[in-house]
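So the structure is just underneath, and the comments pick up after that.
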Amino acid sequence: MSTTTERDRDPADRVKIFDTTLRDGEQSPGISLNRQEKLEIAHQLARLGVDVIEAGFPITSPGDFESVQAIAREVQGPVVCALARTSKQDIDAAWEAVRDAERPRIHTFIATSDIHIERKLQTSREDVIGQVRAAVAHARALTDDVEFSPEDGSRSDLEYMAEVIAVALEEGASTINVPDTVGYALPGEYAAMFTRLHELVPALNDAVLSVHCHDDLGLAVANSLAGLQAGCRQVECAINGIGERAGNASLEEIVMLLRTREPSLGLWTGIETREIARTSRLVSRLTGYPVQPNKAIVGRNAFAHEAGIHQDGVLKERTTYEIMDAETVGLKSNAIVLGKHSGRHALKAALEELGFTVDGQALNAAFKRFKEVADRKKSLSAMDLEALLTDELRTGEIGAYALEDFTLKAGRGFAQAIVEVSVPSDGGGSARRSGVSEGDGPIDAIFKAINAATACDAALSDFRVEAVTEGEDALGQVSVVVDVAGVSGAGQGVSTDTVQAAGEAYIRALSVALARRSAPALRS
Ligand code: KIV
Ligand code: ZN
């Protein structure tokens, strides 16, 4: 397998990575990230080297607006982009949220397929053209960097969509993104659509053409690649492939596909691939969405060899069964970094090495948590620290429910839990409540006691336990999804004690479901 060197690379073949984890990704069922969590992810995306961060959809809620604004103000490096429909209010909200960024972008969209125009928007093709003209012109009066997307592009009448795109370009859009919104396209069709668009709209030669694919038929990455091979030079994707329904194209798969097959494809990105695994773990913990074990690139088994013949081959020569090196995606950086006797300075330095800047109160809280764990677990690796710190980020969140304490009595076939939780109170503070319940086992009892304490009838819909690292004293990571009156919430918890991790994951999932229930339902 030959590799392409930096020298051989043609700037015209550089593919821009547009990350939409915080916008389309956050539209996944059960996910609701707060401002601090979004900022943490955005900083990590900047370390990963993405070109554009789509930070949110500011008109949808004051919380989303504030998160986008905080990212625009704090995160350096990538373009910071906000989504807007074509209305003036949407575009003004998007601009207010991103205007302080080093490089702000407004992304405006409207559907161009007849089914969306007639049934969803209940308007006409002519009206859509008028809206696009006005929206792009207004956005361009605010910033030079405007992206336009004809939603449901892959199911739109091509000649009509070309007309719409020509209008967006005339008004000054510099990026045109044609989404496969419902994940219906086939790779050949999607590529042919771009080839034809180039013929119909010559002005596209001066713009960046972009792909945005959903995974309903498992083709999001294949379709994205087909679009890139047809000349597109921006790909919209999300970490771990999260997103509406079956998700978006997975960033890590696209990046490693382009890198591993660069000699054949000739396309390249500016991604620092050694940050991929860490970004994937951070997003998984903060969203509460576990990564499936056999997920390409970042799954636990992506570089594991089970069959004896394979193990033997890899020991003799790694490339007999591996097409990528786990180190390239940052999967092997798990050295021991701290021990039981390490002090506050050592913890701060280790966290800085991992990219977290923690001072003052946050450092005190992280140090307390570290000491509790180090007493039970002699040494902590980089992955342990990362898991604890991301877990700590969620503890003490204002306005969220939290598990303060619990006691358990359990025997064969019997368990009783008493929990103490803090619940948000009307004045913005919090109050303590306790709850008692019996259950089939300790975890069932603690979940039911949390329901009693929060007076919330949450039902468990998914529960997974895995170890953060290997070994008998490994930290346990529990992922939970609950349903509260038809609204789902996902949460994770990390601890040396699996029951505690489960309780924390459950109460976080419950908080997310309650927050989503009270949030406005406006989505793209
Ligand atoms: O899938 C889609 O069409 C979108 C647009 C808003 C770009 O997410
Ligand atoms: Zn989408």
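At-a-glance table
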quantity: Which listed residue, of Val487, Val482, Val494, is among the hydrophobic types (A, V, I, L, M, F, W, C), buried (at least 24 other Cβ atoms within 10 Å of the Cβ), more than 21 Å from Leu282 (Cβ to Cβ) and not assigned by TED's automatic domain parsing to the domain that holds Glu26; calculated: Val482
quantity: Criterion violated by Val314 - all others in (1) over 27 Å from Ile53 (Cβ atoms); (2) assigned by TED's automatic domain parsing to the domain that holds Gly183 satisfied; calculated: (2)
quantity: Qualifying positions in the range 244-270 - more than 16 Å from ligand 1 (Cβ to nearest atom) and at positive phi; calculated: Gly266
quantity: Selected residue (criterion: nearest to Ser425 (Cα to Cα)) from residues of the range 452-472 that are touching a helix residue (DSSP H, G or I) at 6+ places or on another chain (Cβ under 8 Å) and surrounded by 14 or more Cβ atoms within 10 Å (Cβ to Cβ); calculated: Thr454
quantity: Residue among Ala185, Ala207, Ala226 that is out of contact with any strand residue (DSSP E or B) (no Cβ under 6 Å at 6 or more places or on another chain) and more than 16 Å from ligand 2 (Cβ to nearest atom); calculated: Ala226
quantity: Lone qualifier among Asp216, Asp206, Asp180 - being acidic (Asp, Glu), over 22 Å from Ile53 (Cα atoms) and within 16 Å of ligand 1 (Cβ to nearest atom); calculated: Asp216
quantity: Test set (1) surrounded by fewer than 23 Cβ atoms within 10 Å (Cβ to Cβ); (2) within 16 Å of ligand 1 (Cβ to nearest atom); (3) not acidic (Asp, Glu) - Thr273 fails condition number; calculated: (2)
quantity: Cross-chain or 6+ apart pairs with Cβ under 6 Å, the range 292-318 first and farther than 26 Å from Ser250 by Cα, then exposed (fewer than 14 other Cβ atoms within 10 Å of the Cβ); calculated: Gly313/Thr320
quantity: Selection within the range 11-30 - away from ligand 2 (no atom under 16 Å from the Cβ) and modelled with pLDDT of 95 or more; calculated: Pro11, Ala12, Asp13, Arg14, Val15, Lys16
quantity: Close pairs from the range 205-230: first in the same structural domain as Leu267 (by TED's automatic domain parsing) and more than 21 Å from Thr21 (Cα to Cα), partner within 16 Å of ligand 2 (Cβ to nearest atom) and among the aromatic types (Phe, Trp, Tyr), Cβ under 7 Å, at least 6 apart; calculated: Ala226/Tyr190
quantity: Matching residues in the range 33-66 - criterion: being crowded, with 24+ Cβ neighbours inside 10 Å and over 27 Å from Ile254 (Cα atoms); calculated: Pro58, Asp64
quantity: Residue within the range 497-514 that is touching a strand residue (DSSP E or B) at 6+ places or on another chain (Cβ under 8 Å), surrounded by fewer than 17 Cβ atoms within 10 Å (Cβ to Cβ), under 25 Å from Asp375 (Cα atoms) and not aliphatic (A, V, I, L, M) present; calculated: yes
quantity: Qualifying residue in the range 252-259 (condition: closer than 22 Å to Arg285 by Cα, in contact with an Asp or Glu (Cβ under 9 Å, 6 or more places away or on another chain) and charged (D, E, K, R)); calculated: no
quantity: Hits in the range 146-161 - residues which are more than 16 Å from ligand 2 (Cβ to nearest atom) and surrounded by 21 or more Cβ atoms within 10 Å (Cβ to Cβ); calculated: Val146, Met161
quantity: Positions within the range 61-76 being without any contact (Cβ under 8 Å) to a residue 60 or more places away in the chain and either farther than 14 Å from Ile41 by Cα or of a type in the set (Ser, Thr, Tyr) (or both), in sequence order; calculated: Pro62, Asp64, Phe65, Glu66, Ser67, Gln69, Arg73
quantity: Subset of the range 216-257 [more than 13 Å from the chain's Cα centre (by Cα), of a type outside the set (A, V, I, L, M, F, W, C) and assigned to a loop (DSSP other than H, G, I, E, B)]; calculated: Asp216, Gly218, Gly231, Arg233, Arg245
quantity: Those residues of the range 138-169 which are within 16 Å of ligand 1 (Cβ to nearest atom), part of a helix (DSSP H, G or I) and of a type in the set (A, V, I, L, M, F, W, C), in sequence order; calculated: Ala139, Met161, Val164, Ile165, Ala168
quantity: Search result, residues across the range 319-345 that are surrounded by 13 or more Cβ atoms within 10 Å (Cβ to Cβ) and more than 20 Å from Arg278 (Cβ to Cβ); calculated: Thr320, Tyr321, Glu322, Lys340, Ser342, Arg344
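So that you can scan it fast, the table gives a plain yes or no per residue for (1) within 24 Å of Ala220 (Cα to Cα); (2) buried (at least 23 other Cβ atoms within 10 Å of the Cβ):
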site	(1), (2)
Glu126	no, no
Ala134	no, no
Thr175	yes, yes
Tyr184	yes, no
Glu189	yes, no
Thr195	yes, no
Leu200	no, no
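The values are calculated or read from the model by the stated rules, or taken from the named source; none is laboratory data. Owing to the predicted nature of the structure, the values given are computational and were not obtained by experimental measurement. Ideal geometry is used to build each Cβ from the backbone, glycine not excepted, and the neighbour counts take in all protein chains shown.
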